[in-house]
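Participant: Attaching a single structure in structure tokens format; questions to follow.
The values are calculated or read from the model by the stated rules, or taken from the named source; none is laboratory data. Bear in mind the structure is a predicted one, so any value in this text is a computation, not a measurement. Here the Cβ positions follow ideal geometry from the backbone for every residue, glycine too, while neighbour counts run over all protein chains shown. Remember, those area values only see protein heavy atoms, side chains included, never the ligands or the DNA or RNA. Shrake-Rupley method; radii C 1.70, N 1.55, O 1.52, S 1.80 Å.
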Amino acid sequence: MKNTLNTFWQARNEREKKVLIFCGVLLLSGLLYAYVWQPGEQARMRLREILPPMRAESVHMHEQAREIGTLRKSASVHNKTVNLKNDMTASALRHKLQGRISALNIDSAGKVHLSMDIVSFDAWIRWLDALQRENHLRLETVHIQTLSDPGMVKVDATLTGRDTQ
């Protein structure tokens, strides 16, 4: 085939060779325009139309992702608080101290604020030991006031939770 093309080319005079080269360049330019530049230009125009709404949607999605992250954190804190409160209530019930608790609050930092108006000191110590072993709570502050009944005390305590240590 190469020989056939070479023979064909050699048989042409200078003017025919120039016309054939010109036609080849013109044909190649037309093909490049039709199959490369024009589709690229059409894609550029289409992108010019659809890109601004897509960018706005992307910004909106990033805002939603930040909001989801914030909501997940607050939900997880709430769930941990509810679980800890339920665990402490169940533990107090097991130790027969349910009716002795006058206040049981958990703050946003995970600290448990506990008040007991009348409780046996021995029962309080046993329950505190169980809370430390079972719920991984540790006593941060405590104010114990003795009462007129022997062995009975009033307790105001703050315990640090599982994730605040």
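Participant: Express the accessible area of the chain per residue in Å², computed with a 1.4 Å probe while the remaining protein chains stay in the model.
Facilitator: On a per-residue basis, 75 Å².
Participant: I've got another one for you. With a point put 7 Å past each Cα toward its Cβ, work out how far SER148 is from ASN83 in nm, to one decimal.
Facilitator: 4.5 nm
Participant: Now a separate question. Take the solvent-accessible surface of the protein heavy atoms, probe 1.4 Å, and return the percent of it on the stretch 1-126 that carbon and sulfur atoms account for.
Facilitator: Reported share for carbon and sulfur atoms: 62 percent.
Participant: Could you please put SER91, SER29 in sequence from largest to smallest accessible area, using a 1.4 Å probe?
Facilitator: Greatest to least solvent exposure: SER29, SER91.
Participant: Would you calculate the convex hull of the Cα atoms in the stretch 54-144 and tell me its volume per residue in Å³?
Facilitator: Here the figure is 109 Å³ per residue.
Participant: Another question about this same structure. Under 20 Å Cα to Cα from LYS17, which lysines show up? Leave out anything in the same chain fewer than 8 places away.
Facilitator: Here the lysines satisfying the reach criterion relative to LYS17 are LYS2.
Participant: Between ARG15 and ASP117, what is the label-to-label distance in nm when each label sits 7 Å out along the Cα-to-Cβ direction?
Facilitator: 12.3 nm
Participant: Follow-up question, since we're still on this one. For LYS111, list the lysines whose Cα falls under 28 Å from its own Cα; do not include residues on the same chain fewer than 8 positions away.
Facilitator: LYS73, LYS80, LYS85, LYS96, LYS154
Participant: For every helix of n ≥ 4 consecutive DSSP H residues, a contribution of -39,500 (n - 2.57) applies; sum these over the chain, divide by its total residues, and give [θ] at 222 nm rounded to the nearest 500 deg cm²/dmol.
Facilitator: One gets -21500 deg cm²/dmol as the mean residue ellipticity at 222 nm.
Participant: Only one of the listed values, (1) 1.04; (2) 1.76; (3) 0.96, was derived from the coordinates as Rg/Rh (Cα atoms, Kirkwood Rh); which label is it?
Facilitator: It is the value labelled (2).
Participant: Calculate the spin-label point distance for ILE125 paired with LEU27, positioning each point 7 Å from the Cα along the beta-carbon direction, and give it in nanometres.
Facilitator: Result: 10.6 nm between the two label points.
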